[in-house]
Amino acid sequence: MRFREIGILVFLVILAGATTVREPRFLSAKNLTDILLDIPLLMVVAMGMTMIILSRNIDLSVGSTLGLSAIIVGFIFKSNPNFPVWAGAIIGILVGLLLGALNGILVTWLRVPAIIATLGTLNVFRGLVFVVSGGQEVGANDIPPSLIELSRTSPIQLPWIVIFAVLVTIATHLFLRYTRTGREIYAIGSSPKAARLRGIQVEKVVFLAFTLTGGFAGLAGIMYASRYGFINPLTTGAGLELSVIAATIIGGTNILGGSGSVPGTVLGCLLLGVINNALVITNLSAFWQLAIYGVVILIAVAVDSLIRRQLERAAVDQTR
Amino acid sequence: MTGKYSRRLFLTLGFTSLIVSGCEKGNQNTTTDTSSGSSSGTTTNTSAGTGSNEGGAGGKKYKIVYIPKNTGNPYFGAVEDGLKKAATELGYEYSSVAPATADAGAQIPFIKEQAQRGVDAIIITPNSPEVTARALKEVMAKKIRVITVDADLTGHEDSRDAGILPTDAKTTGQSLVELMSGLTGGKGDFAILSATTDAPNQNQWIKYMKDTLQGPKYKDLKLVDTVYGNDDSQKSQRETEALLTKYPNLRGIVAPTSVGIKAAAQVVEGHKVADKVQVTGLGLPSEMRRFVKNGTVKKFALWNPSDMGYLAGQIAVGLLKGDIKAAPGTTFKAGSLGEHKFGDKNVVITGPPLVFDQANIDQFKF
């Protein structure tokens, strides 16, 4: 394992240990399953975000993309109770791909800086959620039971949505690591100019990254409906972008692009999941939870960079 | 050299915009929704009173607007149903506008805008007593009637003509304990899943629940924890899961919030522990139907929000016409809801909570 991931892994172990001391049930099978079920959504979207940040871009619209895909599929289910779940899932992913492609067009062809373009679409997509839904929520009665079962049942011990997340993660890892386009994403992030000189079609690759990320957010929308059993125009996906960016950066992806990895992001997601869980099971005062959440993230990043620096120094010493 | 410099600039810029975007999101949403809220609300509802011949005094058609806490909440939709029903009976022009988020100050621009538009009465579910009261007081000075629904301007009661509350906090607290006791056979550990730590309604109900638990009848019923889901489903589900982890002997969860009870039911259903852990509290029948039908939730309660809306419409028109005088102790007739009374500080109590179960849940639309 590379240096980048060790720091975060160490912190994860420390946090888990401290939580277990305070509440031994942290390590119970039930609780670990709860954590595992809490992160697939974050993880799927973070896979997209990792690609985007690696290419020296950012996507702030993922939460709204998730919300819009989910609400569109939700209303399809609401008006056709017998609509097949698989078809709904495909529509959700397609809507996500479309919205992602829109971001891609803005960033590549129209040359709007990613942070501005996706800040705009964050609001446009959320606005469309209200237009589509008329402000109405899709409730527990309207989500097909078979969709809800996807986050409860499975062929093996892990529910379907965890399996989906793992598949997306493995696919992204293989894509970034072993395909030509995947390596080009790193090259673009390291130096867009050099990438262009090397003949990489920067626009095409970046467009692809945004489109895929939209698709992942669309898939996460379906997972949201499955896991939470409702879709609310205001809250579904709102603020997700910040958690996803946090998970990606905590996982060691350089905000300036060029370096980072899928296993790192997975650890970042896992860390956020553990923090969220630890906050609620250790009986910390509800007044303090949000502040502690932020502090723990800051400590995580600090510990990580400290360890990384130490290891790098040790490596340099060795070569001497 | 230049490359390195611009790279650093990008980083700073990136971060600043990131922070700005985070802060601005709330406002941005509000503006987005101003248009969608008012367009959908106003256009669909304005016609509500047209069919009726009964105009206001001197044939004037009163303009009455309702400002809920935020859009997209079916609970306020039910309040609106009551207001629309009263509009068809009394013939006023009804509309509704709302901010996208329930932030403390979010309603203020809407209040000012509606006063400017020349409405006769503003019916509002205030987000924050302190912040909203000042704006409402200014509006009252322009002879616009102000009625609060569902939440009051506690401490600033002079900034509205009347305050309609669903039921008094004491009755609610008692009913919730009674429900839990009935479901658990009066024995065992239970927890409360509330909204936010500062939600005034929930905190009052919880206080009266604790008072009620002192009674000898409930000596075997033990409140082990109170947790806060912030009326966010994700956080509420996480809190419910943590309760199940922390208290293996938990017999019940009372969630006095419609978001909380849904989340708790979803988790208990998912963990297949409905026979062991009883979920009850305050919820919307329309949202709880599936859980009641499949036995996850046996009983829960709520007042009728459309009754509150109906009452608000009746009082608004009564006050405008001069048929109703808002003074503590006075009684008045509120259409099909019959006689009601202004209590201390002109508070009107709608009625005791209704209990929903498998037998009656299909009768309720909200």
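The values are calculated or read from the model by the stated rules, or taken from the named source; none is laboratory data. Note that the coordinates shown come from a computational prediction; the quantities given were computed from them, not determined experimentally. Positions of Cβ are generated from backbone atoms using ideal geometry, with glycine treated the same way; all protein chains shown enter the neighbour counts.
Of a type in the set (V, I, T), at pLDDT 95 or above and farther than 15 Å from B:G281 by Cα: is that true of B:V224 in this structure? In short, yes. In the set A:V95, A:V132, only one residue is over 22 Å from the mean Cα position of the chain (by Cα) and assigned to a helix (DSSP H, G or I); that residue is A:V132.
Annotation: A:T265 fulfils all but one of (1) of a type in the set (S, T, N, Q); (2) surrounded by fewer than 23 Cβ atoms within 10 Å (Cβ to Cβ); (3) over 23 Å from B:A263 (Cα atoms); the unmet one is (2). If you go through the range B:208-261 and keep only what is in a loop (DSSP other than H, G, I, E, B), more than 14 Å from chain A (Cβ to nearest Cβ) and surrounded by fewer than 23 Cβ atoms within 10 Å (Cβ to Cβ), you end up with B:Q214, B:G215, B:K219, B:D220. Taken together, the residues in the range B:142-162 that are under 15 Å from B:V119 (Cβ atoms) and either among the hydrophobic types (A, V, I, L, M, F, W, C) or outside the structural domain of B:Y66 (by TED's automatic domain parsing) (or both) amount to 3. Would the range A:143-154 turn up any residue that is of a type in the set (D, E, K, R), in contact (Cβ under 8 Å) with a residue 24 or more places away in the chain, closer than 28 Å to A:G268 by Cα and not in a helix (DSSP H, G or I)? No.
Where in the range B:82-194 are there strands (runs of 3 or more DSSP E), lying fully within it, with 1 or more residues that are in contact with a strand residue (DSSP E or B) (Cβ under 6 Å, 6 or more places away or on another chain), of a type in the set (V, I, T) and buried (at least 18 other Cβ atoms within 10 Å of the Cβ)? Once the strands (runs of 3 or more DSSP E) in the range B:82-194 are filtered for at least 1 residues that are in contact with a strand residue (DSSP E or B) (Cβ under 6 Å, 6 or more places away or on another chain), of a type in the set (V, I, T) and buried (at least 18 other Cβ atoms within 10 Å of the Cβ), what remains is B:121-124, B:145-149, B:162-165, B:188-194.
Results for (1) modelled with pLDDT under 95; (2) within 14 Å of another protein chain (Cβ to nearest Cβ); (3) buried (at least 22 other Cβ atoms within 10 Å of the Cβ), shown as yes or no for each residue.
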| position | (1), (2), (3) |
| --- | --- |
| A:I53 | no, yes, yes |
| A:G74 | no, yes, yes |
| A:S79 | yes, no, no |
| A:V95 | no, no, yes |
| A:L98 | no, no, no |
| A:A101 | no, no, no |
| A:S133 | yes, yes, yes |
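Screening B:V297 on (1) part of a helix (DSSP H, G or I); (2) in contact with a strand residue (DSSP E or B) (Cβ under 7 Å, 6 or more places away or on another chain) shows it passes everything except condition (1). Hey, does the range B:287-295 have a residue that's touching an Asp or Glu at 6+ places or on another chain (Cβ under 6 Å), under 27 Å from B:L213 (Cα atoms), touching a residue at least 24 places away in the same chain (Cβ under 8 Å) and surrounded by fewer than 24 Cβ atoms within 10 Å (Cβ to Cβ)? Within the range B:287-295, none of the residues are touching an Asp or Glu at 6+ places or on another chain (Cβ under 6 Å), under 27 Å from B:L213 (Cα atoms), touching a residue at least 24 places away in the same chain (Cβ under 8 Å) and surrounded by fewer than 24 Cβ atoms within 10 Å (Cβ to Cβ). Just one of the numbered conditions (1) more than 10 Å from chain B (Cβ to nearest Cβ); (2) in contact with a helix residue (DSSP H, G or I) (Cβ under 8 Å, 6 or more places away or on another chain); (3) part of a helix (DSSP H, G or I) is not true of A:N276: (1). In the set (1) in a loop (DSSP other than H, G, I, E, B); (2) of a type outside the set (S, T, Y); (3) exposed (fewer than 14 other Cβ atoms within 10 Å of the Cβ), B:K341 fails one condition alone, (1).
Kindly indicate whether any position in the range A:106-128 is outside any helix (DSSP H, G or I), β-branched (V, I, T), surrounded by fewer than 18 Cβ atoms within 10 Å (Cβ to Cβ) and within 14 Å of chain B (Cβ to nearest Cβ). Looking for residues that are outside any helix (DSSP H, G or I), β-branched (V, I, T), surrounded by fewer than 18 Cβ atoms within 10 Å (Cβ to Cβ) and within 14 Å of chain B (Cβ to nearest Cβ), one finds at least one in the range A:106-128, hence yes. A residue that is surrounded by 23 or more Cβ atoms within 10 Å (Cβ to Cβ), closer than 22 Å to B:A191 by Cα and within 14 Å of chain A (Cβ to nearest Cβ) cannot be found anywhere in the range B:302-310.
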